[in-house]
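I'd like to ask you about the structure that follows.
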Amino acid sequence: PDPPREILDEAGDPLPQFLSSSANEERFLPLVELIESIDVETAAAEYRRHYPLFQQAWREQGYTDGEFDERLKAILDELLATPEAAEPYRLIKPEAVYLFVDPELENLSGGQKILLRMGSDNAARVKSWLAKLRQAI
């Protein structure tokens, strides 16, 4: 990767930078394996069976425009559109959480950032499952 550019905190002190690590990717393996263990057709059938409850909860949360189904599909599409990031990527930790140094990556949605942080191989596996679910629903 390129040499780090200095990033300063509010007091003007340099923030330490970190490179992503394959060790971080390993901690996501149980989650990836759990997702892959769920049969897509069964998940889609259960979603359709319980859809009236999802829609009711959606309305109770104050969402009066649109349908829950539309929102779910939009979220799946957003996750599937998560860009590839050159690894390793740089992170900073100004407080309690790590942030991407690259502003384009930091501006992604929370779900997209999780996909990036789980590593490209894991993300590809999850995106493959999500694409099948998107098609099934």
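The values are calculated or read from the model by the stated rules, or taken from the named source; none is laboratory data. Every value quoted in this text rests on a predicted model; they were computed, and no experiment measured them. Neighbour counts are summed over all protein chains in view; Cβ atoms, including those assigned to glycine, are modelled from backbone coordinates with ideal geometry. SASA here: full protein model, heavy atoms, side chains in, ligands and nucleic acids out. Shrake-Rupley method; radii C 1.70, N 1.55, O 1.52, S 1.80 Å.
Restricting the first residue to region 14-28 and requiring it to be under 10 Å from MET118 (Cβ atoms) and among the charged types (D, E, K, R), which pairs with a second residue that is part of a loop (DSSP other than H, G, I, E, B) and modelled with pLDDT of 90 or more meet a Cβ separation below 7 Å and a spacing of at least six or different chains?
GLU25/MET118; GLU25/GLY119
Follow-up. With respect to PRO52, determine if the residue is more than 20 Å from TRP129 (Cα to Cα) and open to solvent by 60 Å² or more (accessible area, probe 1.4 Å).
So PRO52 fits the description; yes.
What about GLU70, is it among the charged types (D, E, K, R) and under 30 Å from ILE7 (Cβ atoms)?
no
Restricting attention to region 95-104, does a residue exist that is under 29 Å from PRO4 (Cβ atoms), touching a helix residue (DSSP H, G or I) at 6+ places or on another chain (Cβ under 7 Å), open to solvent by less than 90 Å² (accessible area, probe 1.4 Å) and not charged (D, E, K, R)?
yes
Using the structure shown, decide if PHE68 is among the aromatic types (Phe, Trp, Tyr) and either out of contact with any strand residue (DSSP E or B) (no Cβ under 9 Å at 6 or more places or on another chain) or exposed (fewer than 12 other Cβ atoms within 10 Å of the Cβ) (or both).
Yes; evaluated as a whole, the condition is true for this residue.
Pull up region 1-30, narrow it to residues that are open to solvent by less than 60 Å² (accessible area, probe 1.4 Å) and touching a strand residue (DSSP E or B) at 6+ places or on another chain (Cβ under 8 Å), then point me to the one that is modelled with the highest pLDDT.
Top of the filtered list is SER20.
Among GLU84, GLU33, GLU41, which is part of a helix (DSSP H, G or I), open to solvent by 90 Å² or more (accessible area, probe 1.4 Å), within 17 Å of MET118 (Cβ to Cβ) and not aromatic (Phe, Trp, Tyr)?
The unique qualifying residue is GLU33.
Since ALA96 meets every condition but one in (1) within 30 Å of LEU8 (Cβ to Cβ); (2) over 18 Å from the mean Cα position of the chain (by Cα); (3) touching a residue at least 24 places away in the same chain (Cβ under 8 Å), which condition does it not meet?
The number of the failed condition is (3).
Related question: Could you grab me the full set of residues in region 99-125 that are in a loop (DSSP other than H, G, I, E, B) and touching a residue at least 60 places away in the same chain (Cβ under 8 Å)?
Answer for region 99-125, where residues must be in a loop (DSSP other than H, G, I, E, B) and touching a residue at least 60 places away in the same chain (Cβ under 8 Å): VAL101, MET118, GLY119.
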